[in-house]
1. Could you give me the residue pairs with C-beta distances under 9 Å whose first residue belongs to region 251-269 and is closer than 19 Å to MET304 by Cα and at pLDDT 80 or above, whose second residue is of a type in the set (Ser, Thr, Tyr) and not in a helix (DSSP H, G or I) wherever it lies, and which are 6+ apart or on separate chains?
2. Condition test on ALA307, is it in a helix (DSSP H, G or I) and aliphatic (A, V, I, L, M)?
3. I want to confirm something. Restricting to region 130-146 and keeping residues that are free of Cβ contacts under 8 Å to residues at least 40 places away in the same chain and in contact with a helix residue (DSSP H, G or I) (Cβ under 9 Å, 6 or more places away or on another chain), which single residue is surrounded by the most Cβ atoms within 10 Å (Cβ to Cβ)?
4. Tell me whether region 424-431 contains one or more residues that are at pLDDT 90 or above, surrounded by 14 or more Cβ atoms within 10 Å (Cβ to Cβ) and farther than 30 Å from ILE31 by Cα.
5. Which of (1) under 30 Å from GLU128 (Cα atoms); (2) in contact with a strand residue (DSSP E or B) (Cβ under 8 Å, 6 or more places away or on another chain); (3) open to solvent by less than 20 Å² (accessible area, probe 1.4 Å) is the odd one out, the single condition LEU270 does not satisfy?
6. Which of the residues belonging to region 444-466 are in a loop (DSSP other than H, G, I, E, B) and either under 13 Å from ALA53 (Cα atoms) or open to solvent by less than 40 Å² (accessible area, probe 1.4 Å) (or both)?
7. Just for region 147-166: of the residues that are touching a residue at least 12 places away in the same chain (Cβ under 8 Å) and of a type in the set (A, V, I, L, M), which one is most open to solvent (accessible area, probe 1.4 Å)?
8. Applying the selection to region 432-443, what residues are open to solvent by 20 Å² or more (accessible area, probe 1.4 Å), under 14 Å from ALA282 (Cα atoms) and part of a helix (DSSP H, G or I)?
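The values are calculated or read from the model by the stated rules, or taken from the named source; none is laboratory data. Note that the structure is predicted; figures quoted are calculated from it, not measured. Cβ sites come from the backbone with ideal geometry, for glycine too, and all protein chains shown count toward neighbours. Heads up: the accessible areas ignore ligands, DNA and RNA and are worked out on the full protein's heavy atoms, side chains in. Shrake-Rupley method; radii C 1.70, N 1.55, O 1.52, S 1.80 Å.
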Amino acid sequence: MTRDRTTRDRTPQEPARTLAPERTLDVDALIDDPKTRIVVCCGSGGVGKTTTAAAIGLRAAERGRKVVVLTIDPARRLAQSMGIDSLDNVPRRVKAIEPVETADGSDSTGELHAMMLDMKRTFDEIVEAHTDKERAKAILNNPFYQSLSAGFAGTQEYMAMEKLGQLRSRDEWDLIVVDTPPSRSALDFLDAPKRLGSFLDGKLIRLLMAPAKVGGRAGMKFLNAGMSMMTGALGKLLGGQLLRDVQMFVTAMDSMFGGFRTRADATYRLLQAPGTAFLVVASPERDALREAAYFVERLAADDMPLAGLVLNRVHGSGAAQLSAERALAAAENLEESGIVDQEDGKVAVRNSPENDATSENPAPSDAANSTPSEDPDPSGNLAPSGDHDPSEDPDPSGGPEPSVEQLTAGLLRLHAERMQLLDREQRTRNRFTALHPEVAVAEVAALPGDVHDLAGLRAVGDRLAG
């Protein structure tokens, strides 16, 4: 969903001129559309992808949708922000959802559930659901399976696909918000069906399954005679026990391999369906937007429906009319005018490093003029008298209080740094939009602190929709 904003410049010398419209992502229209059933948030790590997914889920729920947010690896504070002690593989109801006023003036409240993908538990559920008890027990107790399900490369991405398929098939929620795995290529889960098919159809798997397909003693004889050299090499490479574990795993899983591929392909087609919307999340930094460009191009190549780009943590200024150059010039003028302040100059000279030796080693006449009440303590330092007032001590920093001019100059320099940051972010964004003018963009202004409660998620949602 997008809104087009058109800018017109009119001067007495020239007629009205229409510039290219800026495509703006309308998040509320996207999540209010009942045809939108899946929203997938993808992007590189560290750009606020998980927080964005949670904020979208909360906003959709408070606008009347029944939502489940599937996170892959959320920070503990995000679970706590939803009022949940911990997230696991089971959807948990989030309380304290507030109704919002809809376009027709009525209050609408939906439901929000949240869960975190448990890769191993999801794999176990698949095994238990698609095999008999005896074979499931053999698979679950197999050492190679336990290693595979706990951290084998690509397993997390495939299990994210499986869990998404499970949630969609239950038809319990009318909107599923997915936070993709936190990896450099967060779209790896799109390759899960292809990688799984290549693995199952690979020569090594066919080799390990050959004895089981021949069957019985003939199979063992075939393995021992016809493949002794190959298995001997594999045994040296993998270890004899590991090779036997892999063979037992492959034999037990043989009947499930087709189901894995079928379900993965079905989920892949679901991601391409019109009811799915991909949101690429990025921060206004060069590396993050370079990754975002990769995601946009990859989604287009795979015919995935891209809704737009969420540009997160965008900085702003309440005094944008004051440029960095003018702020720096004003700061320099104030600082230069302070040089002729004789009193400040004398203080600066007294506190300069060149005079440290003189101040630390007073002349004998200075020591002789010390008051009797300032008796030295055993350490050799002067001990203060009993009626000493600490408030009369000099400034611990060793210098005078900064003047109004000095404070103003410091604030002007901070403002100049902020304006330079804004200019850098805008140039980075302009490069992205020049390369991908078809992508609608929603900006999320940076918050002053971390998100740690539902109010923080609502603030992100308001900025996202604004």
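1. none
2. So ALA307 fails the test.
3. Selected residue: ALA136.
4. yes
5. So the condition that LEU270 fails would be (3).
6. Result: ALA446, VAL451.
7. Among them, the one singled out is ALA150.
8. In the first step, residues of region 432-443 are kept if they are open to solvent by 20 Å² or more (accessible area, probe 1.4 Å); the result is 433-435, 437-438, 443.
With under 14 Å from ALA282 (Cα atoms) added as a condition, the list becomes 433, 443.
Selection gives THR433 alone.
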